Structure formats: structure tokens, C-alpha cells
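Here the structure is laid out as C-alpha cells; the discussion comes afterwards.
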Amino acid sequence: MSETRPFQALKSVICRLATGGLWFADLLEDQGIKPEVRAAVIRRLEELTRE
């Protein structure tokens, strides 16, 4: 097993939990996160999926 595999698995879990949190916030109509911050988080999550 390469050293990067555990790190890739960790990134996958982080992305899954973060997207679940965004979905849950949308479900509850939480206005606590500014749209530009939300967009930046989504962009970073997309970047993580490509690394």
C-alpha cells in the first residue's frame, strides 16, 4: 500500500462529511453561511476530489 492511499481515503471522508453538512444546512434553510463562502467551500471540495 502506498503512503498516499490513506491520505486519499481521508480526503474522501472529509469531502463526504462536508457535502453532507452543506446538504443538511440547505435542508434546514440555514442562513449562517454567506453565499460566497459556501461557493468557495464547494470549489475547494471539487479541487480535493481531483487531487
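Values computed for the structure shown
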| item | result |
| --- | --- |
| Filter result (on the phi < 0 side of the Ramachandran plot and exposed (fewer than 10 other Cβ atoms within 10 Å of the Cβ)) within segment 25-42 | LEU27, LEU28, GLN31, GLY32, LYS34, PRO35, GLU36 |
| Residues located in segment 9-29, provided they are in contact (Cβ under 8 Å) with a residue 12 or more places away in the chain and not small (Gly, Ala, Ser) | LYS11, ILE14, CYS15, THR19, LEU22 |
| Answer from LEU22, LEU45, LEU10 - the residue that is in contact with a Cys (Cβ under 9 Å, 6 or more places away or on another chain), aliphatic (A, V, I, L, M), part of a helix (DSSP H, G or I) and surrounded by 10 or more Cβ atoms within 10 Å (Cβ to Cβ) | LEU45 |
| Neighbours by Cβ (under 9 Å, 6+ apart or cross-chain): first from segment 30-51, within 11 Å of CYS15 (Cα to Cα); second among the charged types (D, E, K, R) and surrounded by 10 or more Cβ atoms within 10 Å (Cβ to Cβ) | LEU48/LYS11; THR49/LYS11 |
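We did not get these values from a lab; they are worked out from the coordinates using the rules stated. Since we're looking at a predicted model, the values are computed, not measured. FYI the Cβ positions are ideal-geometry reconstructions off the backbone, even for glycines, and counts take in every protein chain you see.
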